[in-house]
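What follows is calculated from the coordinates using simple rules that are stated; it is not laboratory data. The structure displayed is predicted, hence computed values, not measured ones. Note: ideal-geometry Cβ built from the backbone for every residue, glycine included; neighbour counts use all protein chains shown.
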Amino acid sequence: MTRPQSAILDGQNSRFFYFLEYQLLESTSTEHVIKTLKSIGSASGVHQLIAFGPELANQLLPATATLSLSPMHTLSGPEHQMPSTQADLLFWLHGIDNSDVYDQVLKIQTSLTGLAKLTLDQPAFTYHDSKDLIGFEDGTANPKEDARLPVACIQDDSENHNGAIVFTQKWRHKLEQFLSLPVTDQEKIVGRTKVENIELEGDDMPADSHVSRTDVKLDGEAMKIYRRSAPYGNATDKGLMFLCFACHQKRIQIQLERMVGCTDDGLSDHLMKYSDPISGSYFYAPSQVQMDTLLK
């Protein structure tokens, strides 16, 4: 029986997170990749997800060709742009002990030295009660319990069953500017109340709010995704590492296009005036059975 990589749904009590993205060097073969992943292994107390960019996924796992997974392409709208920094390998680590997580980060980096270029190196953390640094709860619209699996993972009769489409995007907040706004203005930008976390309704919900741009149906089907984002920050650089999983790439892509304004209405997400996307990559996270077979 197939199952997803456990890091996707497990570890709800994790407090520390780490995102590592790599581009393989031209001299690195798929055999090198497999051998290295075997040597890295797992770590006690650390939830570890391994995912592959579209090209590498097709090379390592031929069954993924049926998914027609595309790399991230730069999206340009009337006012904003989302850049592509498409990578080949993603490691997402999380746990309750920062030392355990960091030890595994060092092991991964040491193992990949000389084989791949590190393109994203980002620690992150849980902020208060799963809030973004802007003070609003993150992932409010996530499905709960048993409803998570069919949203986050592929549910068909192919070899890709319980694999997942993954998207990562680093956002750099203009935090001081956003927090200087009256709370009522902040709420209209996000589309929810800040304290009660209640979605705005009717005329109170602006068409360019974050909720309005990302809560979408296509041919009557809700384009739900499963989020596991985490804030990052130091004294001068702060933002959100956006991470989501989906059963189909179109669920993620349509939300990105609506946020940047690549739609007939031309509206962009008002929140993008206060936060800049500075990375973007699609990946495929094999099911645990696919991963075990690859690394046997």
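List the GluC sites (Glu not before Pro) within the range 96-180 that fall in a DSSP loop (any state other than H, G, I, E or B) and whose Cβ has at most 14 other Cβ atoms within 10 Å.
Those that pass, being in a loop and sparsely packed, number zero.
If you find the alpha carbon centre of the range 196-224 and of the range 131-159, how far apart are they in angstrom?
Cα centroid of the range 196-224 versus Cα centroid of the range 131-159: 16 Å apart.
What is the fewest-to-most order of E21, E26, E31, E187 by other Cβ atoms lying within 10 Å of their Cβ?
Least to most surrounded, the residues fall as E26, E31, E187, E21.
Spin-label point model (7 Å from Cα, Cβ direction): what's the D156 to L295 distance in nm?
Roughly 2.6 nm, to one decimal.
Using Cβ counts within 10 Å as a stand-in for footprinting exposure, how do C247, C262 rank, fewest first? Walk me through the numbers on the way to the answer.
Details: C247 22, C262 18.
If I rank by nearby Cβ atoms, fewest first, I get C262, C247.
If you stretched the chain out fully between L218 and H73, how much longer would it get, using 0.36 nm times the residue separation minus the C-alpha to C-alpha distance?
That works out to 50.1 nm of additional length.
What trypsin sites (Lys or Arg not before Pro) does the range 95-155 have in DSSP loop regions with at most 10 other beta carbons within 10 Å?
Passing both the DSSP loop test and the Cβ count: K144.
May I ask for the net charge around G53, where only other residues with Cβ less than 12 Å from the Cβ of G53 are counted and Lys, Arg are +1 while Asp, Glu are -1?
-3
At most 16 other Cβ atoms within 10 Å and a DSSP loop assignment: could you name the trypsin sites (Lys or Arg not before Pro) in the range 1-100 that fit?
R15
For the chain, what is the calculated [θ] at 222 nm in deg cm²/dmol (nearest 500), taking -39500 (n - 2.57) for each run of four or more DSSP H residues and dividing by its residue count?
On the way: 9 runs with 75 residues, N = 296.
Result for the chain, helices only: -7000 deg cm²/dmol.
On a full-extension model of 0.36 nm per residue, what is the gain between M1 and A141, subtracting their alpha-carbon distance, rounded to one decimal in nm? Spell out each step's value before the answer.
On the way: separation 140, 0.36 × 140 = 50.40 nm, distance 2.89 nm.
Length gained, M1 through A141: 47.5 nm.
Neighbouring Cβ atoms within 10 Å as the yardstick, rank I34, I8 fewest first.
Taking fewest neighbouring Cβ atoms as first place, the list is I34, I8.
What FRET efficiency comes out for the pair S42/N13, r = Cβ-Cβ distance, R0 = 25 Å, nearest 0.05? Let's see the in-between values first.
Details: r = 18 Å, r/R0 = 0.73.
The computed FRET efficiency comes out at 0.85.
Around I165, under 11 Å between beta carbons, what's the net of Lys plus Arg minus Asp minus Glu among the other residues?
Value of the local net charge: +2.
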